[in-house]
Amino acid sequence: MSVREGNLQAPTRHPIEWKEPSYYDEASVEKELERVFEICHGCRRCVSLCNAFPTLFDLIDEGKTGEIDGVAKADFARVVDQCYLCDICYMTKCPYVPPHPWNVDFPHLMLQAKAQKFKRGQTSFRDRLLTSTDRVGKLATIPVIVQMVNKANTSPVARRVMQKTLGVHAERRLPPYARKRFTKLAPESPSPPVKDGQRTPGKVAIFSTCYINYNEPGIGLDLLGILRHNEIPYTVVEREACCGMPKLELGDLESVEKLKNENAPRLARYAREGYAILTAVPSCTLMFKSELPLLFPDDADVMAIAEAMFDPFEYFVLRDKDGLLKKDFTNSLGKVSYHIPCHSRVQNVGQKTREVLEWLPGTSVTTVERCTGHDGTWAVKTDH
């Protein structure tokens, strides 16, 4: 294939060979970082996406030569630390992703560097703790303890202690924990007849997600309300574990595998029984749709789950195309500013939430396509 400027073909992804010893070879990764950084320096199209690219370009511009050879190899880690694997550069901006012969996959190269850092034992206790969302959530939502945790999270004195000991910034607002988990609050599904559509299964399995289960169960209850209104029978997946996205972003791939092993048999059973699997947090949806299949391409359960996984609004739009969705809206929302999550954008399903909002009479929607700079636990840290 001849070298060409830019790429007009759809991005393609290669499986992540994270179990191969060569994946953790520091010299080869350093060489690949230098190669990709050189290409990014010559393009700079992604400068506005996140802080990884301004960090890289500042290092180059302030170096001795104004080129990548003027940047100390030790400073490559500063770029890696600023990447939170949103995938926007790969899916929407970079003209040199596969199948272009330059084969630039910036996010997964950052993941490889993060995995090496984790393997070397250079990951802090804070980062390991914050990404253990299930463990922290289960502890924080114990009756009585939940009130103590929420009070501490809003106490200036306690927050200064957290900043000093854990590196969680005292001024960053933290989401409160719910007094009752979503899985305890979720009502049982009625038993209407299952109506499969051409594009959509007629029954749904809900993967709660850590955030909805422990922090905002109301989002999950609203989703169940929509399903009940549309006479779609549902079940809430029992004994689910974290999807693994926080551990992926840390480079802790062995923990990702352990979580996959907990979730996959249960979710795959639902997929094979003809359920649509819905998760109302885009990062979790993306994890099951895209990241796990690349990490475990030979796992039949993972592939079955990916095929059955839907963003809720993707499911509702397809349900409407099947002629099986009620659209008896009566209230207007007026002007809505909708911030589309990065992990929704890179699923390549379009702006399905916006489509649904625009069904409402007298409602106009403006979409904001800018990164929030938050990414779960990334932005609560003092260094970010």
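The values are calculated or read from the model by the stated rules, or taken from the named source; none is laboratory data. Being a predicted model, the structure only gives us computed values, none of them experimental. Just so you know, the surface numbers come from the protein's heavy atoms only, side chains and all, with ligands and any DNA or RNA stripped out. Shrake-Rupley method; radii C 1.70, N 1.55, O 1.52, S 1.80 Å.
Assorted remarks:
- Rg/Rg_globular for the chain, with Rg_globular taken as 2.2 N^0.38 Å and Rg from C-alpha atoms: 1.04
- Sorted largest first by accessible area at a 1.4 angstrom probe radius, with every protein chain in place, the residues Asp134, Asp81 fall in the order Asp81, Asp134.
- Largest to smallest principal axis extent of the C-alpha atoms in the range 58-122, angstrom: 33, 33, 19
- Between the Cα long axis of helix 253-272 and the first principal axis of the chain there is an angle of about 30°, rounded to the nearest 10.
- Radius of gyration, Dmax [the range 138-258; alpha carbons; angstrom]: 18.3, 57
- Relative contact order (percent, whole number), the chain, Cα cutoff 8 Å, 6+ residue spacing: 16
- From the alpha carbon centroid of the range 223-299 to that of the range 62-96 is 31 Å.
- Along its three principal directions, the equivalent ellipsoid of the range 243-384 from the Cα gyration tensor extends over semi-axes of 30, 23, 10 Å, largest first.
- Computed Kirkwood radius, in angstrom, where 1/r is averaged over Cα pairs of the range 48-175: 17.8
- The chain, accessible surface, carbon-and-sulfur percent (1.4 angstrom probe): 52
- Relative to the longest principal axis of the Cα atoms of the chain, the long axis of helix 156-166 lies at roughly 50 degrees.
- Accessible surface computed residue by residue for the range 164-321, with neighbouring protein chains in place and a 1.4 Å probe, gives 44 Å² per residue.
- Dmax and Rg, reported as Rg then Dmax, of the range 317-378 (C-alpha, Å): 13.8, 41
- Range of Cα positions in the range 188-317 per principal axis (Å), largest first: 42, 32, 25
- A viscosity of 0.692 mPa s and a temperature of 37 °C, combined with the Kirkwood radius over C-alpha pairs in the Stokes-Einstein formula, give the range 10-107 a diffusion coefficient of 233 µm²/s.
- Using alpha carbons only: equivalent-ellipsoid semi-axes of the range 170-215, gyration tensor based, whole Å: 33, 14, 6
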